[in-house]
Amino acid sequence: MNNMPHLPDFKQNFVFLINRKNGLRFGRFGFSLLAFLFHWIPAILRSDYYNAACIVGVDACIYMVTHMILQLVFNVDPSSAMNITYMIGAVLWGSIYNYMFIRRMINRDFRPVDQNSQLVLKNHHIDVELTDMTEDELNSFHK
């Protein structure tokens, strides 16, 4: 039993962000399995329309480039361009979507709730101050 690997500490990747207008949000750093499988759908479900539009736009560009390369360079039927585009986009969005979401929240004036969230952000090279909300204001979001 002593040789068993330790489970990862998931708290080190979670951040809790708050904004007076929009309330409390949480996010995590690391690979996004939902963005890997469904590309822009998790962004829509999170009401993250800006990143959803970015994902759709970049996927369209990847599709056009893949289609042109298959047809013009390799002289291959480009019917498989959509499959290749999906695989490239899946790896791309699975890798960076969570980071994009948290950066977008910070740009929309969300601030970390506690020092643990601030430390996680700092470990990922995002330097932001704690929220200036009082304890009563923070507790009003939990009710």
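The values are calculated or read from the model by the stated rules, or taken from the named source; none is laboratory data. No experiment lies behind these values; they were computed from the predicted model shown. All Cβ positions, glycine included, derive from the backbone under ideal geometry; neighbour counts span all protein chains shown.
Scanning the stretch 41-70 for residues that are under 12 Å from residue 86 (Cα atoms), in contact with a Phe, Trp or Tyr (Cβ under 7 Å, 6 or more places away or on another chain) and without any contact (Cβ under 8 Å) to a residue 24 or more places away in the chain yields one hit, 56. Cβ-Cβ distances below 6 Å connect the following pairs, each with a first residue in the stretch 92-113 that is touching a residue at least 40 places away in the same chain (Cβ under 8 Å) and assigned by TED's automatic domain parsing to the domain that holds residue 62, a second residue that is assigned to a loop (DSSP other than H, G, I, E, B) and small (Gly, Ala, Ser), and a separation of six or more residues or different chains: 94/32; 97/32; 98/32. Scanning the stretch 30-39 for residues that are surrounded by fewer than 22 Cβ atoms within 10 Å (Cβ to Cβ), hydrophobic (A, V, I, L, M, F, W, C) and within 11 Å of the chain's Cα centre (by Cα) gives 31, 33, 34, 36.
Looking at the stretch 40-63, can you tell me whether even one residue there is assigned to a helix (DSSP H, G or I), among the aromatic types (Phe, Trp, Tyr) and buried (at least 17 other Cβ atoms within 10 Å of the Cβ)? Can you show your working first?
We begin by selecting, within the stretch 40-63, every residue assigned to a helix (DSSP H, G or I); these are 41-45, 49-63.
Restricting the remaining residues to those that are among the aromatic types (Phe, Trp, Tyr) gives 49-50, 63.
Applying the additional criterion that residues be buried (at least 17 other Cβ atoms within 10 Å of the Cβ) yields 63.
Looking through the stretch 40-63, at least one residue is assigned to a helix (DSSP H, G or I), among the aromatic types (Phe, Trp, Tyr) and buried (at least 17 other Cβ atoms within 10 Å of the Cβ).
Residues of the stretch 18-39 that are farther than 25 Å from residue 114 by Cβ, touching a residue at least 40 places away in the same chain (Cβ under 8 Å) and either in a strand (DSSP E or B) or of a type in the set (Phe, Trp, Tyr) (or both): 36 alone. Taken across the stretch 84-94, residues that are surrounded by 14 or more Cβ atoms within 10 Å (Cβ to Cβ) and in a loop (DSSP other than H, G, I, E, B) do not occur at all.
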